[in-house]
Amino acid sequence: MWFWLLGTQLPIGLYVHISENTHPSVDVAANCIFLGVVLYFAKGMMPSLKGILRPRRIPVSSLVWILGLYLVLSAFVWGYYVVLDFFGVPFFNYLDSYQEHDWPFWSAVILICIVPAVLEEFAFRGILFQGLRELCSLSEALILQAVLFAVLHLLPLIFPSHFAIGLFFGFAAWKSHSLWPPILLHFVWNLTVLLLEKMG
């Protein structure tokens with residue numbers, strides 16, 4: 001599956017990051033292609049995915065672990081971005097193309113926050129992580145899915161931050177036995193990034 005994920009997203013991702021003025025419709029196309037790949041691989045794994053897709057009551061101890069690590073992750077990632085900013089590393093702003101082409105903010109929330117949170121978690125912490133768990137140890141599965149998650153974002157400078165994010169989302173899925181906590185936290189993370197961009 002990882003080959004197809006990278007193969008379908010690589011050309012679009014490179015175009016988005018290289019081009020100075022991409023249209024938001026590129027995000028629509030990328031999400032549609034990603035959805036097709038995810039659905040194709042999901043159909044053969046539905047029996048093993050049903051358990052983590054079913055809403056369930058999560059133990060308080062697991063929630064404490066997840067929220068505590070979320071705070072640690074937030075501190076690490078924002079600290080890493082501060083260091084990059086200190087050295088003058090330019091950042092890719094997701095809202096630029098939406099504002100440039102007069103797409104409303106809510107469209108960016110849908111295409112950058114909601115859709116990726118659901119699709120990426122279903123792909124990486126669902127299909128990929130569950131498949132890896134059958135082939136290797138828990139730690140190896142967590143690391144491999146996090147590496148592929150970071151690579152898929154196609155920006156070498158954010159590899160450390162997105163590896164940490166992927167590792168955390170994998171831990172949250174494993175600790176809760178559910179995809180819903182990582183989906184929710186992924187949405188909150190992306191929305192926070194958008195809101196910070198919007199506020200300038």
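Give me the residue from region 53-63 that is of a type in the set (A, V, I, L, M) and surrounded by 11 or more Cβ atoms within 10 Å (Cβ to Cβ) and, out of that set, farthest from the chain's Cα centre (by Cα). Only one residue fits best here, namely ILE58. Exactly one residue out of SER107, SER97 is touching a residue at least 60 places away in the same chain (Cβ under 8 Å) and surrounded by fewer than 20 Cβ atoms within 10 Å (Cβ to Cβ), and it is SER107. The set of residues in region 151-168 being more than 14 Å from PHE76 (Cβ to Cβ), part of a helix (DSSP H, G or I) and touching a helix residue (DSSP H, G or I) at 6+ places or on another chain (Cβ under 9 Å) consists of VAL151, LEU152, LEU157.
When restricted to residues that are assigned to a helix (DSSP H, G or I), surrounded by 14 or more Cβ atoms within 10 Å (Cβ to Cβ) and not aromatic (Phe, Trp, Tyr), region 34-52 contains 7.
How many residues does region 56-88 contain that are β-branched (Val, Ile, Thr), touching a helix residue (DSSP H, G or I) at 6+ places or on another chain (Cβ under 9 Å) and in a helix (DSSP H, G or I)?
Qualifying residue count for the region: 3.
Selection within region 146-170: residues that are surrounded by fewer than 20 Cβ atoms within 10 Å (Cβ to Cβ) and of a type in the set (Phe, Trp, Tyr). The member of this set that is nearest to TRP103 (Cα to Cα) is PHE159. Taken together, LEU196, LEU142, LEU157 contain a single residue that is at pLDDT 95 or above and either among the hydrophobic types (A, V, I, L, M, F, W, C) or over 24 Å from LEU67 (Cα atoms) (or both), which is LEU142.
The values are calculated or read from the model by the stated rules, or taken from the named source; none is laboratory data. Since the model is a prediction, treat every value here as computed from it, not as a measurement. Cβ: placed from backbone, ideal geometry, glycine included. Neighbour counts: every protein chain shown.
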